[in-house]
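The next block holds one structure in the form of structure tokens; read it before the comments.
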Amino acid sequence: MFFVYILRSEVDGGYYIGAAKDVSERIAQHNAGVSLSTRSRRPWKLAYTEAYETLSQARRREQQIKSWKNPAYMVKKLGFGG
């Protein structure tokens, strides 16, 4: 299984959207500062996940969610507490 995940920064409330096979490991990497794009906004908490059978399906969904741009729309559309 592969997952689309949405993280929420505990610093500024912003979101990060990604795809990974192991979400727990990926969150640990984000919180350890491995990723330059998320380092300054850590710590991160998991806000939402969706499961897919293939990485390509997960990546397509990741891109769709990122295309929405507006975080309030994303929260409402996906139905999770922002």
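The values are calculated or read from the model by the stated rules, or taken from the named source; none is laboratory data. Here the structure is a predicted model, which means the values were calculated and not measured. Ideal geometry is used to build each Cβ from the backbone, glycine not excepted, and the neighbour counts take in all protein chains shown. The protein model used for the area step is the full one, side chains on, heavy atoms only, and it has no ligands, DNA or RNA in it. Shrake-Rupley method; radii C 1.70, N 1.55, O 1.52, S 1.80 Å.
Output the residues belonging to segment 29-45 that are in contact with a strand residue (DSSP E or B) (Cβ under 6 Å, 6 or more places away or on another chain) and either of a type in the set (Lys, Arg) or under 18 Å from Lys77 (Cβ atoms) (or both).
Arg41, Lys45
So Leu7 ticks every box in (1) of a type in the set (A, V, I, L, M, F, W, C); (2) at pLDDT 95 or above; (3) open to solvent by 30 Å² or more (accessible area, probe 1.4 Å) but one. Which box is left unticked?
That leaves (3) as the condition not met.
Take segment 10-28 and flag every residue that is more than 14 Å from Glu62 (Cα to Cα), touching a strand residue (DSSP E or B) at 6+ places or on another chain (Cβ under 9 Å) and either modelled with pLDDT under 95 or not aliphatic (A, V, I, L, M) (or both).
Correct list: Glu10, Gly14, Asp22, Ser24, Arg26.
I need the full set of residues from segment 9-26 which are touching a Pro at 6+ places or on another chain (Cβ under 7 Å) and among the acidic types (Asp, Glu), in order please.
Within segment 9-26, Glu10 is the sole residue that qualifies.
Can you tell me which residue among Arg59, Arg41 is more than 11 Å from the chain's Cα centre (by Cα) and either open to solvent by 70 Å² or more (accessible area, probe 1.4 Å) or among the aliphatic types (A, V, I, L, M) (or both)?
Residue meeting the stated conditions: Arg59.
Looking at segment 31-79 only, could you name the residues that are out of contact with any Gly (no Cβ under 9 Å at 6 or more places or on another chain), closer than 18 Å to Asp12 by Cβ and of a type in the set (A, V, I, L, M, F, W, C)?
Leu36, Trp44, Leu46
Among (1) open to solvent by 80 Å² or more (accessible area, probe 1.4 Å); (2) closer than 19 Å to Phe80 by Cβ, which single condition is Arg26 missing?
(1)
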